[in-house]
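Nothing in this text is a laboratory measurement; each read-out follows from the coordinates by a stated rule. Since this is a predicted model, take the numbers as computed values, not measurements. Cβ: placed from backbone, ideal geometry, glycine included. Neighbour counts: every protein chain shown.
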Amino acid sequence: MIGGFAKSYREKTGEAGYVLSYNSYGLVLIANKTFETIQKVIETEDEVATEIVVDDKLVKRKRVGDTDKGKDIRAQIDCLEELLEIYRGGKNQS
């Protein structure tokens, strides 16, 4: 299972494991609370309790254009737009 639910760590941490999640909004560390069995959770339709331990939200959301790959894509778009303009006769060929 993702990030935890390991019995071996329950005595040390008091938690069932941790999930470290990162997306364009920021970084989140989530502690999974212990539960008896997966079967019981399914039968009782309980939710597995979690607690957000660290929530490091970014001031400015990261977008594709902020990445190195995004900058490469932007450069390719610029080249294609220039070629299109030349093709349409907007610039003299040298």
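Between LYS33 and ALA16, ALA49, THR50, GLU51, the built amide H atoms are under 5 Å apart, and every one of these is 5 or more places off in sequence or on another chain.
Approximating the spin labels as points 7 Å out from Cα along Cα→Cβ, the LEU83-to-LYS71 distance works out to 2.3 nm.
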